[in-house]
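Colleague: After the structure tokens below, expect a handful of questions from me.
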């Protein structure tokens, strides 16, 4: 069923008394993950808080009443926005209506600025406090948003070390809480145990395929990565390919794409970080996955490819030297980035082969990736963020057991 045909769920009325209500909105897979952890930490402080809003499986598992599923709203580029605009505006309208009618004690917005900043404006109109977690990347593009944020957002919890000073200098109340991935990225098994569990062969070069978390970007990037894999296989034997499946994707959808190509790829749901740790090198769609891969110290090639109109518009407004979070945080090119026309099977395969065949380069990349973790603060981002958010609805002293 197309999302436009799916009726929005009605929010049940809150209980009387002093029970706090929080609206939370996460529009993408990474925001859903970090939002789920934030909700759990806030419930440790106050189990009675009621959460409702927009998110995915992680927020739902944390006990959030979902008005809409974020998977239906995740878009990349102008053309995708147009195709889903009716549904997105419908969700926006219901959230604004809820603000007016139910007056939640706090609105928590996670990333997803094109949707969330208009919500922040609406919340301000109704006198509702706004807490932004994982702030808009104003340092990359659309710096004019800083003024809008200053007018509509009460406090921001930022996850990259250089962001706090940028916002503070603009007169915005921002605090660096550390990166939430530090609490979730890690291995459950030893590499040998993981290889055995996933049916991967020891002593074989293992290449990871990470085409993104949205159906649209997977439709665009996975065929390119599969053609790249076919080229690599002709040049490198023995080799095996593995694809860790994002929570937001249906395995049937991904398998159907893979079935159109002759290359064999093992698709595995869950234990994403153990799978990445099994790989010698990975092809990774630009986004949060690049940082996850970096924290596993796995060399990678970052791929970025959108529709031509989206690319040319982006090229005019983006004002940074890199697109990969790994390189942005490091302040230099640690891993290669292949963008738009350069993101073709021949060039990707050649870049992967150049890295995998050069032991020194592999070692150098791993060394640089190991430094990324230290740049991201310390574990405990969700707990620190929960305390900041809770302070906004209850100024009394509290302790977390």
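Nothing in this text is a laboratory measurement; each read-out follows from the coordinates by a stated rule. Here the structure is a predicted model, which means the values were calculated and not measured. Heads up, the Cβs are rebuilt from the backbone with ideal geometry, glycines too, and the neighbour counts pull from every protein chain shown.
Colleague: Among 30, 262, 370, which comes first, then next, by fewest other beta-carbon atoms within 10 Å?
Modeller: Going from least to most buried by this count: 262, 370, 30.
Colleague: Provide the descending list of Cα extents for the chain along its principal axes, expressed in whole angstroms.
Modeller: 67, 44, 43
Colleague: Turning to a different aspect of this structure: Taking the inverse of the average 1/r across all pairs of different Cα atoms in the stretch 191-375, what Kirkwood radius in Å do you get?
Modeller: The Cα-based Kirkwood calculation yields 16.6 Å.
Colleague: Would you please give the FRET efficiency between residue 321 and residue 93, computed as 1/(1 + (r/R0)^6) with r the Cβ-Cβ distance and R0 = 41 Å, to the nearest 0.05?
Modeller: FRET efficiency, residue 321 to residue 93: 0.55.
Colleague: Compute the acute angle (0 to 90°) between the alpha-carbon long axis of helix 359-375 and the principal axis of greatest extent of the alpha-carbon atoms of the chain; round to the nearest 10°.
Modeller: So the helix axis and the longest Cα principal axis differ by about 10 degrees.
Colleague: Now, a different point. By how many nm would the segment from residue 169 to residue 347 grow when fully extended, if each residue of separation counts as 0.36 nm and the alpha-carbon distance is taken off?
Modeller: 59.9 nm
Colleague: Here is a follow-up. Helix 381-393 against the longest principal axis of the chain: what's the angle in degrees, Cα atoms only, rounded to the nearest 10?
Modeller: 20
Colleague: In Å, what Kirkwood hydrodynamic radius results for the stretch 122-183 from the alpha-carbon pair distances?
Modeller: Here the Kirkwood hydrodynamic radius works out to 12.0 Å.
Colleague: Something else about it: Run the helix sum for the chain: -39,500 (n - 2.57) per DSSP H stretch of 4+ residues, divided by residue count, reported at 222 nm to the nearest 500 deg cm²/dmol.
Modeller: -14000 deg cm²/dmol
Colleague: Here's another thing I want to ask about it. Based only on other Cβ atoms within 10 Å, what is the fewest-to-most ordering of 42, 73?
Modeller: Fewest-to-most ranking of 42, 73: 73, 42.
Colleague: Let me ask something else about it. What does the convex hull of the alpha-carbon atoms of the stretch 87-159 project to on average, in nm²?
Modeller: Approximately 4.8 nm², given one-decimal rounding.
Colleague: Could you work out how far helix 215-235 tilts from the main Cα principal axis of the chain, as a 0 to 90 degree angle to the nearest 10?
Modeller: 20
Colleague: Return the distance in nm (one decimal) between the two label points of a simple spin-label model at residue 367 and residue 189, each offset 7 Å from Cα along Cα→Cβ.
Modeller: 3.2
Colleague: Which semi-axes, in whole Å and largest first, does the equivalent ellipsoid of the stretch 19-69 have when worked out from the alpha carbon gyration tensor as the square roots of 5 times its eigenvalues?
Modeller: 17, 11, 7
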